[in-house]
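Q: Okay, handing you the structure first.
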Amino acid sequence: MTVESTAARTPRRSAGTTGTTGTTGTKSTAGKRTTAKKPSATAKNPPSGEPGLVQLLTPEGKRVKNAEYDKYVADITPEDLRGLYRDMVLTRRFDAEATSLQRQGELGLWASLLGQEAAQIGSGRATREDDYVFPTYREHGVAWCRGVDPTNLLGMFRGVNNGGWDPNSNNFHLYTIVIGSQTLHATGYAMGVAKDGADSAVIAYFGDGASSQGDVAESFTFSSVYNAPVVFFCQNNQWAISEPTERQTRVPLYQRAQGYGFPGVRVDGNDVLACLAVTKWALERARSGEGPTLVEAYTYRMGAHTTSDDPTKYRADEEREAWEAKDPILRLRRHLEASNHTDEGFFAELEAESEALGRRVREAVRAMPDPDHFAIFENVYADGHALVDEERAQFAAYQASFADVEGGI
C-alpha cells in the first residue's frame, strides 16, 4: 500500500471495500420515489444488549447476529474487513497529525474525530457515488471515503481557502461551521433530487449538540412532509462541547424521529459493521421512495471538542477510560485476529503507510501558500461598491506601512 495510491483512488473505493458496500459504481433498480421520560443513569453508557441498540461487533470483537441488519453485510469478505480497518487507521493517523500541526502553530484550529472513526467510515462506505453528502466540520473519515484528499481538508483551518475542494467532484459538500444549518441544505437538495426523479440519496451529518438547533427540527419537518430521500446521521458523542446529552433531551435522540413521522434507529457508533449495515438500510429506504430516516450513532468523543477546548474541566477521566476500552479500531482488530483474517505483515505494512501519510500531510500544510490578502474584498457586492473600494485602499496603505518599516530598518 502507498500513500500515492490512496490519494488517487476513486470516491468511496477502498482496498477491498467494494464488496462491503455492494453499491460502488452501480445504480439502484428500485422504482422512482413517490411524494406523498427522562433518560436513566444507564443512558450515558448503554450495555451491548440494550433494546434498540444495533450492534454486530462487541467491544471484544465478537460477531453477533442481528436478524434485521445481517443481510446488509452478508457479502462482506476478509478483504473488506481489512479495508475498513485500514480506513479507520489512516483516518486516525491523519487526524492526529492535524492535531499536532495545530499545536505547532501551523493550523488555527482543529476539530478531532478521535473515537468516532467507526461511525464515519461505516456510514461513509455505505454511500453510493451518486449520493450527496453534507458534513459538518468533523467528518474527516467521511471525506476520506468520498475520495477527498486529506490535505484539502486543512486549508480552511490554516486560513488559506474557504474549503479546498470542489463539492461536485465527490458529491461531498464543503465543511459547515454554522451548527445544524447543513441539515436544511441537505433537505432542500434531497427535495430537488426527488423532483428530478433520480434514485440517489442524500445524507446529512450532525452531532448531538446540533440536534437541539431549530434548523434541525425544521429539516425534520420538511423532509417528512415532502418525503425527501435524506438520511440524518447524528453522531451522538455525548458532549456538545461541555454540555452532556442528558441536559438537552429527556429521550434517546433517535426517538425524536417518531414525532415527525419517520423511523429512527440507534446504532453502536463504535461498531463499524453495524454503522455500515444501518446506513445502507437507511439509504436504500431513501432511494426507494420511503422518505427520511434518523440514525443515531451512539459513540464517544475521546478527545477535545476542538483544540481550543479542555475536556478535563467538565468530564471525568474514568468516563473516557471506559470508552477507550470500546475503541472502534481495537474492536475490529480483535475480530480480525480472532477470525484469522490477517497477519502481522498486514499491520506492519499499514503502519508504514500511516507514517507516510503523516509525512505527506505535514509537508503539504507547510507548503501551502499564503492567501491573497486583498481577496477579502472580492465578491462582497456583485457590481462593486465605493465603500469597499475605500476600505481596500486603506488596507493597501496599512500593508505598505510594514514595507516602509522594514525598509527603514
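Q: Taking amide hydrogens as modeled 1.01 Å from N in the peptide plane, which residues meet the under 5 Å criterion relative to Phe172, leaving out close sequence neighbours?
A: It is Val133, by chain and number.
Q: Towards the positive end of the charge dipole of the stretch 59-188, with charges on Cβ (+1 Lys, Arg; -1 Asp, Glu), say which of Ser112, Gly159, Pro135 has the farthest Cα.
A: Working it through, the farthest residue towards the positive pole turns out to be Ser112.
Q: In addition: Report the Cα-based extents of the chain along its three principal axes, largest first, to the nearest Å.
A: 76, 54, 44
Q: In nm, give the distance between the simple-model label positions of Lys65 and Ala96, each being 7 Å from the Cα along the Cα-to-Cβ direction.
A: 3.8
Q: Here's a follow-up. Could you work out [θ]222 nm for the chain from helices alone, using -39500 (n - 2.57) per DSSP H run of at least four and dividing by all its residues? Round to the nearest 500 deg cm²/dmol.
A: Calculated mean residue ellipticity at 222 nm is -13000 deg cm²/dmol.
Q: Given the stretch 338-391, report the % of alpha carbon pairs whose separation exceeds 18 Å.
A: I get 65 percent for the Cα pairs in the stretch 338-391 exceeding 18 Å.
Q: Give a quick list of chymotrypsin sites (Phe, Trp or Tyr not before Pro) in the stretch 332-401 that DSSP marks as loop, anything other than H, G, I, E or B, with at most 15 other Cβ atoms within 10 Å.
A: Here the chymotrypsin sites (Phe, Trp or Tyr not before Pro) that fit, given the DSSP loop and packing criteria, are Phe374, Tyr381.
Q: Apply the a/c threshold of 1.5 to the C-alpha gyration tensor of the stretch 179-237 and tell me whether it is rounded, prolate or oblate.
A: Prolate, since a/c reaches 1.5 and a/b exceeds b/c.
Q: Could you give the nm distance between label points at Ala364 and Arg103, where each point is 7 Å from its Cα heading toward the beta carbon?
A: Placing both labels 7 Å beyond Cα along the Cβ direction yields 2.2 nm.
Q: So, for the stretch 347-389, what is the accessible surface per residue at a probe of 1.4 Å, expressed in square angstrom?
A: For the stretch 347-389, the solvent-accessible area averages 68 Å² per residue.
Q: What FRET efficiency comes out for the pair Tyr314/Val178, r = Cβ-Cβ distance, R0 = 35 Å, nearest 0.05?
A: The calculated FRET efficiency here is 0.90.
Q: Short version: what are the Cα gyration tensor semi-axes of the stretch 295-369, square root of 5 times each eigenvalue, largest first, in whole Å?
A: Taking √(5λ) for each Cα gyration eigenvalue gives 27, 25, 11 Å.
Q: Taking one equal scatterer on every alpha-carbon of the stretch 163-293, how large is log10 of I(q)/I(0) by Debye at q = 0.09, 0.18, 0.21, 0.23 1/Å?
A: Normalising to I(0) and taking log10 leaves -0.25, -1.03, -1.37, -1.55.
Q: On a full-extension model of 0.36 nm per residue, what is the gain between Glu324 and Asp372, subtracting their alpha-carbon distance, rounded to one decimal in nm?
A: Full-extension gain reported as 13.0 nm.
Q: I would also like to ask the following. Given R₀ = 45 Å, what would the calculated FRET efficiency be for Ser339 paired with Thr221, taking r from the Cβ atoms and rounding to 0.05?
A: 0.50
Q: Full-extension gain between Val251 and Phe395, please, as 0.36 nm times their residue separation minus the C-alpha to C-alpha distance.
A: 46.6 nm
Q: Please report the antiparallel percentage of DSSP beta bridges with both residues in the stretch 184-330, rounded to the nearest 5.
A: Counting DSSP beta bridges with both partners in the stretch 184-330, the antiparallel share is about 10 percent.
Q: Ignoring any ligand, DNA or RNA, what whole percent of the accessible area of the chain comes from carbon and sulfur when the probe is 1.4 angstrom?
A: Carbon and sulfur: 52 percent of the exposed surface of the chain.
Q: Could you tell me what a quarter of the Cα convex hull surface of the stretch 87-135 works out to, in nm² with one decimal place?
A: That works out to 4.0 nm².
Q: Out of the stretch 182-259, which trypsin sites (Lys or Arg not before Pro) are coil in DSSP terms and have no more than 13 other C-beta atoms within 10 Å?
A: Of the trypsin sites (Lys or Arg not before Pro), the ones in loops of the stretch 182-259 whose Cβ has at most 13 other Cβ atoms within 10 Å are Arg250.
The values are calculated or read from the model by the stated rules, or taken from the named source; none is laboratory data. Please read these numbers as outputs of a predicted model, since none were measured by experiment. Methodologically, a virtual Cβ is constructed for each residue, glycine included, from the backbone with ideal geometry; neighbour enumeration extends over all protein chains shown. What goes into the accessible areas is simple: the full protein's heavy atoms, side chains included, and nothing from ligands, DNA or RNA. Shrake-Rupley method; radii C 1.70, N 1.55, O 1.52, S 1.80 Å.
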